[in-house]
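Every number in this text was worked out from the coordinates using simple rules, so none of it is lab data. Source: prediction; values computed, not measured. Quick reminder, even Gly has a Cβ in these numbers, built from the backbone with ideal geometry, and neighbours come from all protein chains shown.
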Amino acid sequence: MLIPCFACESRFRPDEFFLACHDYNRGMDLVAWTCPRCGNRDDLRVLPDALGFGYPRRGRFDVQDRFQVPGLRRQRQDLRLDICLDKDVWHVHTRLNRLAHRSPSRT
Ligand SMILES: [Zn+2]
């Protein structure tokens, strides 16, 4: 199961992909993602069993394309989003929380 960068068409294992997520925006319910290969920045929403790609518009995030990721789950916290896939969990923090760094901790 590999997740593509839509800019350079590199494909990433889920671990590589989700570690590149940063800046959880709770209001718009999206996370920013920067491609480790080409540096392209994308916005996406973590959905049950899918990633939603799209564009912020009028203060909301419009999902245009979905990429299926079977088993993907998310939990919204106050200042971070927890992305769960199988037994792995990735924490994406909000940008305002400068002291918190992304911790690829596993449970
Ligand atoms: Zn790329």
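Using the Cα centre as the reference, give the magnitude of the dipole from point charges on the C-beta atoms of the chain (Lys, Arg: +1; Asp, Glu: -1; all else neutral), rounded to the nearest 20 debye.
That gives a dipole near 300 debye.
If I take R0 = 41 Å and measure r between the Cβ atoms of Arg37 and Gln77 in this structure, what FRET efficiency does the formula 1/(1 + (r/R0)^6) give, to the nearest 0.05?
Once rounded, the FRET efficiency stands at 0.90.
Do the sum for the chain: with -39,500 (n - 2.57) for every DSSP H run of n ≥ 4, divided by all residues, what is the mean residue ellipticity at 222 nm, to the nearest 500 deg cm²/dmol?
Numbers: 1 runs with 6 residues, N = 107.
It lands at -1500 deg cm²/dmol.
Sort by residue number and name the cysteines in the chain that have no neighbouring cysteine Cβ under 4.7 Å.
Cys21, Cys84
If you take all C-alpha pairs in the range 3-88, what percent of them are over 21 Å apart? Can you show the working numbers first?
Working: 821 of 3655 pairs.
Cα-Cα pairs of the range 3-88 separated by over 21 Å account for 22 percent.
Along Cα→Cβ, 7 Å out, is where each label goes; now give me the distance between the ones at Ser10 and Arg58 in nm to one decimal.
Spacing of the two 7 Å Cα→Cβ label points: 3.7 nm.
Where does each of 63-72, 15-24, 30-39 land if you order them by average Cβ count within 10 Å, highest first?
With the highest mean Cβ count within 10 Å placed first, the list reads 15-24, 30-39, 63-72.
Out of Thr94, Cys84, Gln64, whose Cα points farthest toward the positive end of the dipole of the chain (charges: +1 Lys, Arg; -1 Asp, Glu; placed on Cβ)?
Sorting the options by dipole projection puts first Thr94.
Provide the packing ranking of 49-61, 83-95, i.e. peptides ordered by the mean count of other C-beta atoms within 10 Å per residue, highest first.
83-95, 49-61
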